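To keep things clear, I will list the structure first and then write my remarks on it.
The values are calculated or read from the model by the stated rules, or taken from the named source; none is laboratory data. Remember, predicted model here, so these are calculated numbers, not experimental data. Here the Cβ is made from the backbone with ideal geometry for all residues, glycine too, and neighbour counts use every protein chain on show.
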Amino acid sequence: MKMRVEKMKKSIVFCVAVAMMFLLAGTVFAAEAIKIGHTVSLTGGASMWGQSEANALDMLVEKLNAEGGILGSPIVIVRYDNRNDAIESVNVARRLAGDKVIAVIGPAQSGNSIATAPVLERAEIPMIVTTATNPYVTVDQKTEKVRPYAFRPCFIDPFQGTVAARFAVDRLSAKKAAILYDVGSDYGQWLSKYFEDAFVARGGEVVAKEAFRSEELDYRAQLGKIKELAPDVFFIPTSQKEAALAARQARDLGITAVLLGTDNWGSPDLIDLGGDSVDGAYFVNLADLDDPDIQSFVAEYREAFGAEPVLPNPIMAQDALIMIVEAAKAADSVEGPKLAEALANLKDVKVTSGVLTVDPTDHNPLNKPAVIQKVDVAKKAFVFVEKYQGE
């Protein structure tokens, strides 16, 4: 009997020890950092946005970790420079998959995002791009099916092109438009199409549609054709560098049309390179410093870094991180498939840019607004003009 009691005591001690081991293991696991990848252009022509994007993410991570992180675990950002290059973006995606991140924020550019998506899909890691606006980032162009692991917080190019056309017709009373775009850029090709379709649908006429190849810096041959057709607006869906050069050359040739651009214009480089040639030009963007919805973010960023955020990337990067945090809460998990399912069903989530609901059919945000900004060279600023919601 005594031996049996001793065995029972040993058994109880063993069970308690095992229970304590599991409890301690659970505690260690709960405190283990959760890694989120960040693929971003920290060098090269897009680095101004990329560095501001990285700053904004780091700022938000500090705040989120003070509030408990994700499911009680601290967040760690694993960041690599993709140099705004598609091949390097794929290499970065593979490295992040090897690092066992639960999700990836970025890339910012559509071409890089489209190249990255299959790598992360095979690894079952959700990708939340920042400012990649091409529809085929979240939808496979060949199958027309939604990519199960690709999401975004920003509007898409069909809406951006439509907003530009609406503004040209409704506010600028434009009847004739000309377009100059980069034939080697998916961004430029698709936006020129969306703008043209929407402009014509509103009764306008596209009198010229001229193309150039990436890295070309002289557009005078194309601009000479455009000048003869006397457009009211001149739509240039390119990066800030090409837009500034095209504006200078257009004004030198005597083209007086109102210049109209897209979200890639939103850099101080546009004014530095374009000078008076871009004064009074308009462009579509995702966010504006004067937007009431982001004033607390702007103030926090200024205090933290002593500079203005280079919009829109910092805003969209924070939106992406909040999407991941809220999806993990909804799924009570950071496993890839469960996280992706929760991301696809996010509704009325308070993000930095406002309130976000994801459309489960295409993984795009519903009713994401766009802003129109006007270039003011004297102030070296982009002035808020108006805000457009979805039609």
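Could we say that ALA344 is assigned by TED's automatic domain parsing to the domain that holds GLY45 and under 22 Å from GLU62 (Cα atoms) here? Don't jump to the end; show me each part of the working.
On the way: assigned by TED's automatic domain parsing to the domain that holds GLY45: yes; under 22 Å from GLU62 (Cα atoms): no.
Criteria not met by ALA344.
Within the stretch 361-374, does at least one residue satisfy the condition of being of a type in the set (Val, Ile, Thr), within 30 Å of LEU273 (Cβ to Cβ) and without any contact (Cβ under 8 Å) to a residue 12 or more places away in the chain? Explain how you work it out, then say what you get.
First, the residues of the stretch 361-374 that are of a type in the set (Val, Ile, Thr): 361, 371-372.
With within 30 Å of LEU273 (Cβ to Cβ) added as a condition, the list becomes 371-372.
Those left that are additionally without any contact (Cβ under 8 Å) to a residue 12 or more places away in the chain: none.
No.
Being aromatic (Phe, Trp, Tyr), closer than 19 Å to ILE87 by Cα and assigned by TED's automatic domain parsing to the domain that holds LEU346, is that true of even one residue in the stretch 150-164? Spell out how you get there, then give the answer.
Just the residues of the stretch 150-164 that are aromatic (Phe, Trp, Tyr), to begin with: 151, 155, 159.
In the following step, the residues that additionally are closer than 19 Å to ILE87 by Cα were identified as none.
Looking for residues that are aromatic (Phe, Trp, Tyr), closer than 19 Å to ILE87 by Cα and assigned by TED's automatic domain parsing to the domain that holds LEU346, one finds none in the stretch 150-164, hence no.
In contact with a helix residue (DSSP H, G or I) (Cβ under 7 Å, 6 or more places away or on another chain), modelled with pLDDT of 95 or more and not assigned by TED's automatic domain parsing to the domain that holds VAL310: which single residue out of VAL377, VAL351, VAL325 fits that description?
VAL377
Filter the stretch 153-190 for residues that are among the hydrophobic types (A, V, I, L, M, F, W, C), within 17 Å of THR138 (Cβ to Cβ) and assigned to a helix (DSSP H, G or I); which is modelled with the highest pLDDT? Give the derivation first.
Quick first cut of the stretch 153-190, residues among the hydrophobic types (A, V, I, L, M, F, W, C) only: 154-156, 159, 163-165, 167-169, 172, 174, 177-180, 183, 190.
Now restrict to residues that are within 17 Å of THR138 (Cβ to Cβ): 154-156, 159, 190.
Right, trim to assigned to a helix (DSSP H, G or I) and you get 159, 190.
Values: PHE159: 94, TRP190: 91.
Step by step, filter the stretch 153-190, then rank; the result is PHE159.
If you check PHE195 against the conditions, is it touching a residue at least 60 places away in the same chain (Cβ under 8 Å), in contact with a Gly (Cβ under 8 Å, 6 or more places away or on another chain), in a helix (DSSP H, G or I) and among the hydrophobic types (A, V, I, L, M, F, W, C)?
On the way: touching a residue at least 60 places away in the same chain (Cβ under 8 Å): no; in contact with a Gly (Cβ under 8 Å, 6 or more places away or on another chain): yes; in a helix (DSSP H, G or I): yes; among the hydrophobic types (A, V, I, L, M, F, W, C): yes.
For PHE195, the condition - touching a residue at least 60 places away in the same chain (Cβ under 8 Å), in contact with a Gly (Cβ under 8 Å, 6 or more places away or on another chain), in a helix (DSSP H, G or I) and among the hydrophobic types (A, V, I, L, M, F, W, C) - is not met.
Testing ALA221 on (1) assigned to a helix (DSSP H, G or I); (2) over 29 Å from ASN313 (Cβ atoms); (3) in contact with a helix residue (DSSP H, G or I) (Cβ under 7 Å, 6 or more places away or on another chain), one condition comes back false. Which one is that?
Every condition holds for ALA221 apart from (3).
I'd like to verify a number: residues in the stretch 178-215 that are crowded, with 16+ Cβ neighbours inside 10 Å and more than 28 Å from the chain's Cα centre (by Cα), how many?
Residues in the stretch 178-215 being crowded, with 16+ Cβ neighbours inside 10 Å and more than 28 Å from the chain's Cα centre (by Cα): 4 in total.
I'm checking my understanding of the structure. Among residues of the stretch 35-80 that are small (Gly, Ala, Ser) and assigned to a strand (DSSP E or B), which one is nearest to THR130 (Cα to Cα)? Don't jump to the end; show me each part of the working.
If we filter the stretch 35-80 for residues that are small (Gly, Ala, Ser), which is where we start, we get 37, 41, 44-47, 50, 52, 54, 56, 66, 68-69, 72-73.
Next, only the ones that are assigned to a strand (DSSP E or B) stay: 37, 73.
Working: GLY37: 13, SER73: 24 Å.
Checking each candidate, the answer is GLY37.
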